[in-house]
Structures are given as C-alpha cells and as structure tokens.
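J.: Below are the structure tokens for one structure; questions will follow.
The values are calculated or read from the model by the stated rules, or taken from the named source; none is laboratory data. Values in this document were obtained by computation on a predicted structure and should not be read as measured data. A quick note on method: Cβ atoms are made from the backbone with ideal geometry, for glycine too, and the neighbour counts reach across all protein chains shown.
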C-alpha cells in the first residue's frame with residue numbers, strides 16, 4: 001500500500017512514505033530505495049540510504065559512493081555511515097572524500113565511517129568535532145562516539161564528553177550528553 005505513494009508529487013507524502021518503508025523489506029522496497037536515491041528531496045534520499053543499509057543491499061554500494069558527493073551534507077553523512085555499517089572496505093575512497101569534504105556534518109559521518117572500518121586515527125578528528133559551533137554536528141558526534149565507544153577508546157572519549165558537559169551548552173546538547181553520561 002505504501003509503495004503506491006512513493007512517487008507522489010507531494011514532497012510531504014514522499015517523505016512520510018520513505019520514512020515508513022524503513023520498517024518493511026522485500027524487493028519492491030529495495031527498488032523504491034534505489035529510486036529514492038535520485039529524488040530531489042534530501043529526506044527521501046536519506047531514508048533511501050537507511051533502507052539500503054538496513055536491508056544490506058551490497059550491490060547498491062556504487063550508489064552509496066555516489067551519495068558521498070551529494071549536494072546535501074546530511075545525505076553525505078548518512079551515506080558514509082551506511083557504508084561503514086555495511087562493513088565494506090572502502091577506506092581509501094572514504095579517506096579521499098574526508099580530505100576533500102568541507103562540511104562538518106558530512107565529516108562527522110565520514111570520520112565515524114573511517115573509524116568503524118579500522119582507521120583508528122580518525123578518533124581524534126571525531127573528538128575535535130565536539131568543539132563545533134553547530135549543535136547538530138556536536139549532537140551527531142556524541143551519538144557516533146557513543147556508538148563506537150569500547151574498552152580500547154573509552155579513555156579518550158569519556159573525558160572529552162565530560163569536558164564538554166562542563167561548558168555552557170544549548171539544552172539539546174545537554175540532553176544528549178545526559179543520555180550517555182548519567
């Protein structure tokens with residue numbers, strides 16, 4: 001039923017449909033996700049990337065790689081994170097993209113992806129994003145750091161999060177920090 005509205009001309013309907021398709025699987029959903037990668041709406045493209053990741057559609061890696069150069073920074077961020085989630089060894093390509101990337105939100109996803117794929121030197125770069133002026137970048141970084149935290153890196157991550165908590169912060173950042181530190 002949802003699939004018949006995936007091509008709606010109403011952007012709100014499309015965004016809703018793609019966000020709900022995440023909860024379903026099957027070839028029709030995968031095809032809708034593939035089509036959604038080309039959609040003009042960034043929310044649809046992000047949802048399509050999430051669907052591809054959840055369904056582990058490895059044959060769509062070239063499309064995810066193309067999404068690393070999307071015009072929207074959040075799309076680039078989600079694409080990098082999904083590539084890491086799929087566990088693919090595209091480290092060299094992600095390193096090149098990280099060096100060229102100018103936007104902090106997209107770099108958050110790239111650094112997370114690189115660290116997740118074994119490039120542990122990107123932990124420092126990810127920690128540095130906690131100093132961003134953008135609360136969106138800081139919140140995304142906190143979530144990513146919490147996701148990758150392990151016994152091997154907690155001695156670097158926890159002090160950085162505790163130091164961040166000591167600063168004067170927007171409520172949105174404080175809430176996310178409290179979620180992980182309390």
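J.: Restricting attention to the stretch 164-177, and to residues there that are assigned to a helix (DSSP H, G or I) and touching a residue at least 12 places away in the same chain (Cβ under 8 Å), which single residue is farthest from residue 80 (Cα to Cα)?
T.: If we take residues in the stretch 164-177 being assigned to a helix (DSSP H, G or I) and touching a residue at least 12 places away in the same chain (Cβ under 8 Å), then 165 is farthest from residue 80 (Cα to Cα).
J.: A further question on this structure: Got at least one residue in the stretch 43-55 being in contact (Cβ under 8 Å) with a residue 12 or more places away in the chain and either within 19 Å of residue 126 (Cβ to Cβ) or surrounded by fewer than 16 Cβ atoms within 10 Å (Cβ to Cβ) (or both)?
T.: No: zero hits.
J.: Just to be sure I understand the filter: pairs with C-beta atoms under 8 Å, separated by 6 or more residues or on different chains, first member in the stretch 59-72 and part of a helix (DSSP H, G or I), second member surrounded by fewer than 17 Cβ atoms within 10 Å (Cβ to Cβ) and at pLDDT 90 or above. Which pairs pass?
T.: Listed by first residue and then by second, the contacts come to 60/34; 63/34.
J.: Taking residue 33 as meeting all but one of (1) farther than 21 Å from residue 76 by Cβ; (2) not in a loop (DSSP other than H, G, I, E, B), write down the number of the exception.
T.: It is condition (1) that residue 33 fails.
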